[in-house]
Amino acid sequence: MSRASRPVLLIGGIPGDTTEDVLRTLGPALGDLAVALPDGETGIRRMWVGAVAMRVWDRCVELEKVREPRGAPGLPAGMPAGYDDFWIYRSRPGVERLHVGTLHYPDDAIAAYRVFAALREQGVIPAGVRFQFGLPFPEDACREFTDNAADMALIVTAYLEALEHDIDAICANIPHADLLFQWEINWETIAVDHGDYLEGQAPLDYRPHGVAFTRYTDYLRRLSPRIPGAVALGMHLCYGDLHHRHFLEPRDLGACVRMANAAVGAAGRRIDYVHMPVPRERGDDAYFAPLADLHIGTTTLYAGLVHYTDGVPGSLARLRCLHRHYDGPTGVATECGLGRRPRDQSLERLLGMHREVAAAL
């Protein structure tokens, strides 16, 4: 295994009230090792795709909201209690097209980048690290917000058009050499691994149009070439992290390997890295064995094997198993974002764990 030149990936959400709080923590802690520093997904974006529901689908006049999250005691207002508790929208009678314009990502990204650039000028952020902005892949911002295939298709089409607009706007306002986009790929990953229809398990309890893997590669072919070549592009393959619980557990790394290979072949541009999750309990050879079929050239594999709960020893045990199955450029990460960590877990300790585990690559 070879160590990536920048061996740490920070997935996206980071605890902090503001982007400045986040970057003032990340810059000194890992700015010399991280491939990029995320803006933290603060404010309403702490809800991840819930922000899309509240800022986009709620305001779309062609949609009718038929359910809101019921929530639960102790959760922030509007936070779903579980995977079966998302907002649900349906198109109004006669609607054949949705008009949304923007997902509001340019305003978020441009404002956060200004903070990033100012802190870099002050020396808080070192030179050479990029500004990272995560973009949910189409079905992650669409599938859970309706309950039928026809409306999912309408919502996905509108999302794709708005996402293209937002990518163009961000790239027009942030220097390409400073920018990294990360595709956040959740429901597509689960559908490829576990099936596109799972009876009684919302939001996979209806059958979308088409085939899951074909939809995934179609999104790659449409969206990825829109990103200029000087902008870095990575992929975060995910199995859900609502309340720190996967929707379903990965069987092994087989689905991630298949999706990564397809991305390198279908994206129409360079894929700089692929992130794959490693559950805390999966330090076994069977989990990592599919990496024998991973063919992504010089693209870095970031393994999401850093877990707070068993610390550096557990993370290193998973890394040793990975070593036995993969020898390409490699870095380390957590399984998912850090933005909703339990309050009793120290962010500083978790960031330090990244540094210790990366040193063993």
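The values are calculated or read from the model by the stated rules, or taken from the named source; none is laboratory data. Predicted model only: the values in this text are computed from it and were never measured. When we count neighbours, we look across all protein chains shown, and the Cβ atoms used for this are built from the backbone with ideal geometry, even at glycine.
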Filter result for Gly265 (within 30 Å of Arg226 (Cα to Cα) and either assigned to a strand (DSSP E or B) or in contact with a helix residue (DSSP H, G or I) (Cβ under 9 Å, 6 or more places away or on another chain) (or both)): yes
Qualifying residues in the stretch 195-246 (those that are in a loop (DSSP other than H, G, I, E, B) and among the aliphatic types (A, V, I, L, M)) - the one modelled with the lowest pLDDT: Ala202
Gly12, sole failed condition from (1) surrounded by 21 or more Cβ atoms within 10 Å (Cβ to Cβ); (2) modelled with pLDDT of 95 or more: (2)
Single residue of Arg207, Arg226, Arg215 found to be free of Cβ contacts under 8 Å to residues at least 60 places away in the same chain and of a type in the set (Lys, Arg): Arg207
Breaking point among (1) outside any loop (DSSP other than H, G, I, E, B); (2) exposed (fewer than 15 other Cβ atoms within 10 Å of the Cβ); (3) modelled with pLDDT of 95 or more, for Thr309: (3)
Contacts under 7 angstrom Cβ, first residue in the stretch 67-92 being within 21 Å of Leu204 (Cα to Cα), partner among the β-branched types (Val, Ile, Thr) and part of a loop (DSSP other than H, G, I, E, B), 6 or more apart: Ile88/Thr146; Tyr89/Thr146; Arg90/Thr146
Unmet criterion (only one of (1) part of a strand (DSSP E or B); (2) more than 25 Å from Cys238 (Cα to Cα)) for Pro7: (2)
Any hit, the stretch 46-68, residues being among the basic types (Lys, Arg), in a loop (DSSP other than H, G, I, E, B) and either in contact with a Phe, Trp or Tyr (Cβ under 8 Å, 6 or more places away or on another chain) or surrounded by fewer than 15 Cβ atoms within 10 Å (Cβ to Cβ) (or both): no
Matching option when the condition is in contact (Cβ under 8 Å) with a residue 24 or more places away in the chain, assigned to a helix (DSSP H, G or I), within 24 Å of Asp17 (Cα to Cα) and more than 21 Å from the chain's Cα centre (by Cα), among Arg349, Arg318: Arg349
Among the residues listed as Arg318, Arg324, Arg280, Arg270, the single one being buried (at least 18 other Cβ atoms within 10 Å of the Cβ) and basic (Lys, Arg): Arg318
Test: residue in the stretch 87-104 that is touching a helix residue (DSSP H, G or I) at 6+ places or on another chain (Cβ under 6 Å), aromatic (Phe, Trp, Tyr) and under 27 Å from Ala153 (Cβ atoms): yes
Matching residues, the stretch 10-45, being more than 18 Å from Leu233 (Cβ to Cβ), assigned to a loop (DSSP other than H, G, I, E, B) and in contact with a Lys or Arg (Cβ under 7 Å, 6 or more places away or on another chain): Pro15, Leu33
Within the stretch 79-90, tally of residues that are surrounded by fewer than 21 Cβ atoms within 10 Å (Cβ to Cβ) and more than 21 Å from the chain's Cα centre (by Cα): 1
Residue list for the stretch 186-233, filter: within 18 Å of Phe145 (Cα to Cα), loosely packed, with under 15 Cβ neighbours inside 10 Å and in contact with a Pro (Cβ under 9 Å, 6 or more places away or on another chain): Tyr197
Answer from Gly337, Gly331 - the residue that is buried (at least 18 other Cβ atoms within 10 Å of the Cβ), modelled with pLDDT of 95 or more and either within 30 Å of Thr18 (Cβ to Cβ) or not hydrophobic (A, V, I, L, M, F, W, C) (or both): Gly331
Qualifying residues in the stretch 268-298 (those that are hydroxyl-bearing (Ser, Thr, Tyr) and not in a loop (DSSP other than H, G, I, E, B)) - the one farthest from the chain's Cα centre (by Cα): Tyr287
Residues that are assigned to a helix (DSSP H, G or I) and either at pLDDT below 95 or touching a His at 6+ places or on another chain (Cβ under 6 Å) (or both), drawn from the stretch 143-193: Ala149, Ala153
Residue in the stretch 170-187 that is over 21 Å from Val8 (Cα atoms) and charged (D, E, K, R) present: no
